[in-house]
1. Among the residues of segment 68-82, write down those that are more than 16 Å from G96 (Cα to Cα) and touching a Leu at 6+ places or on another chain (Cβ under 6 Å).
2. Identify, please: which residue in segment 69-85 is loosely packed, with under 14 Cβ neighbours inside 10 Å and farther than 22 Å from D163 by Cα and is, among those, nearest to the chain's Cα centre (by Cα)?
3. With respect to the numbered conditions (1) under 15 Å from A131 (Cβ atoms); (2) surrounded by fewer than 17 Cβ atoms within 10 Å (Cβ to Cβ), which one is the sole condition not fulfilled by V178?
4. Would you mention how many residues in segment 117-154 are in contact with an Asp or Glu (Cβ under 6 Å, 6 or more places away or on another chain), loosely packed, with under 15 Cβ neighbours inside 10 Å and modelled with pLDDT of 95 or more?
5. G50 fails exactly one of the following numbered conditions: (1) at positive phi; (2) in contact (Cβ under 8 Å) with a residue 12 or more places away in the chain; (3) not aliphatic (A, V, I, L, M). What is the number of that condition?
Amino acid sequence: MTGQKALRMVMVAVFGVLVVVSLACGGGSETVRLATEGQYHPFNFINDDGEIDGLEREVGDELCRRAELDCEWVLNEWSDMIPDLVGGEFDVIITGMSITDERDETIDFTEPYYPPTPSVYLALAGAGDEAVQGRLGAYADTIYSDFFTEQGIPYTEFGSEDDRIEALLNGEIDASLVDHAYAVEKLAEYEGRLAVVGPSVLLDRGIGMGVREDSGDLRDKLNEAIASMKADGSLNELIRKWVGEDAKTF
């Protein structure tokens, strides 16, 4: 074998290795679009630099890295999340969406990346448990509005989480049923002005990523990555970072 021929063979072999590495890193893969609301601290929000931030941003980025997916983030209205996912506007919902039987009839979910946690009522400090018998508020199209409707409990519907907190602070409602992590955030933000009252209520099977029903391969890749983060403890570390040391973990 001549020196030039041997050199050409080495160069071909190296090029082949580089192509394999490039594909493995997602260079030739289709972009997976992750949709979030950007208004649900500490799960997702827009930071001072105008970027999507929060627990789900960090979890989503790490899941994409482990699953070797080329991902990009998009913002979407909460009320349109499921219809827009089904319509192909994006590929994954990751926005504090609880896994429920009703939603599972329309879309598929990954395994939960946030464990089932009882929701709690927030009221003005000093209002006491009787506040849950008064005027209640709920974010529209959520497990909270669904719960009140199913139980036949009158409530005022709001277009965002922060709208109902403002209504609570202004005395327009007496209590609001919210996610535990969101409650922790608001108790810290409005220290001394809000309190948890009444009973807690378990309404879901945890929080998962929503995908279309024909996305089995993508769901499987994300599930493997979620299992990997649970196994090495990194998912629990992120939950504690964003929700606090007392947060429920896996």
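The values are calculated or read from the model by the stated rules, or taken from the named source; none is laboratory data. Everything numeric here is computed off the predicted structure, so don't read it as measured data. Note that each Cβ is placed from the backbone with ideal geometry, even for glycine, and that neighbours are counted across all protein chains shown.
1. Let us first name the residues in segment 68-82 that are more than 16 Å from G96 (Cα to Cα), namely 68-72.
C71 - this is the single residue of segment 68-82 that is more than 16 Å from G96 (Cα to Cα) and touching a Leu at 6+ places or on another chain (Cβ under 6 Å).
2. Out of the qualifying residues, it is E72.
3. Here V178 meets the rest and fails (2).
4. 1
5. Single failed check for G50: (2).
Quick grid of which residues meet (1) closer than 22 Å to L222 by Cβ; (2) of a type outside the set (S, T, N, Q); (3) in contact with a Gly (Cβ under 8 Å, 6 or more places away or on another chain):
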| position | (1), (2), (3) |
| --- | --- |
| A67 | yes, yes, no |
| W73 | yes, yes, yes |
| P116 | yes, yes, yes |
| G134 | no, yes, no |
